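Beneath this line is the structure, given in structure tokens, with notes to follow.
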Amino acid sequence: MVEDRLRNEIIAAIPKLRAFAISLTGHSERADDLVQDTIVRAWGAIDQFERGTNLNAWLFTILRNHFHSEYRKRKREVEDADGSYAARLRTYPDQHSRLDFEDFRAALATLPLEQREALLLVGAQGMSYEEAAEVCQVAVGTVKSRVNRARTRLASLLDLSGEADLGPDDLTKAALAMR
């Protein structure tokens, strides 16, 4: 239970909080929301307020911190009141990519160990050919050859002939274009 004196001080601070909020937001409606949020937050954390310290400073700090948090959050948001932006968003279904990944894993497992190792070091780990050669303790040319043979074999196993074979299929592209 909050003592009456503290409750009265919080109520008395509202006009000053509102004036400060208006100076921050420039809009009285937004300022009123900010003050209300501040009072609710303060009331919820009243046990954290140290009696005998400056209540106004505590309330103004809550208001200011809440304003800056909201400001940072709003910078990342996109205004879309009528939903037109959201209506244009498209997401490819992930079923095909999951199946493609399983096919890739199965094909990768069929590669000879040396080729698979070289391909994973260079392709997945992002190592240079020189770094991969050092790890495998072979010549740089050997790593380049193994990676090339592994890529060629994977393309053959997965029946990939060009860039058109990567990404969503034509049916998926057409379905998303119709939305």
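The values are calculated or read from the model by the stated rules, or taken from the named source; none is laboratory data. In this text the structure is predicted, and so the values were computed from the model without any measurement. Cβ atoms come from the backbone with ideal geometry, glycine included; neighbour counts cover every protein chain shown. Note: accessible area is taken over every heavy atom of the protein model, side chains too, but ligands, DNA and RNA are not part of it. Shrake-Rupley method; radii C 1.70, N 1.55, O 1.52, S 1.80 Å.
Which ones in region 103-112 are in a helix (DSSP H, G or I) and open to solvent by 50 Å² or more (accessible area, probe 1.4 Å)?
Within region 103-112, ASP103, PHE104, ARG105, ALA106, ALA109, THR110 meet the criteria.
Would you pick out the residues in region 113-139 that are more than 17 Å from ALA155 (Cβ to Cβ) and either exposed (fewer than 15 other Cβ atoms within 10 Å of the Cβ) or in contact (Cβ under 8 Å) with a residue 40 or more places away in the chain (or both)? Give the derivation first.
Kept after step one, since they are more than 17 Å from ALA155 (Cβ to Cβ), are these residues of region 113-139: 113-114, 117, 121, 125-139.
Listed by number, the residues that qualify are LEU113, GLN125, GLY126, SER128, GLU130, GLU134, VAL135, GLN137, ALA139.
Given the criterion charged (D, E, K, R) and farther than 26 Å from GLU3 by Cβ, identify the matching residue among ARG41, ARG30, ARG64, ARG51.
On the way: ARG41 fails: farther than 26 Å from GLU3 by Cβ; ARG64 fails: farther than 26 Å from GLU3 by Cβ; ARG51 fails: farther than 26 Å from GLU3 by Cβ.
So the residue among ARG41, ARG30, ARG64, ARG51 that is charged (D, E, K, R) and farther than 26 Å from GLU3 by Cβ is ARG30.
Please state which of the following conditions LEU89 fails to meet, knowing it meets all the rest: (1) farther than 30 Å from ALA13 by Cα; (2) hydrophobic (A, V, I, L, M, F, W, C); (3) touching a helix residue (DSSP H, G or I) at 6+ places or on another chain (Cβ under 7 Å).
(3)
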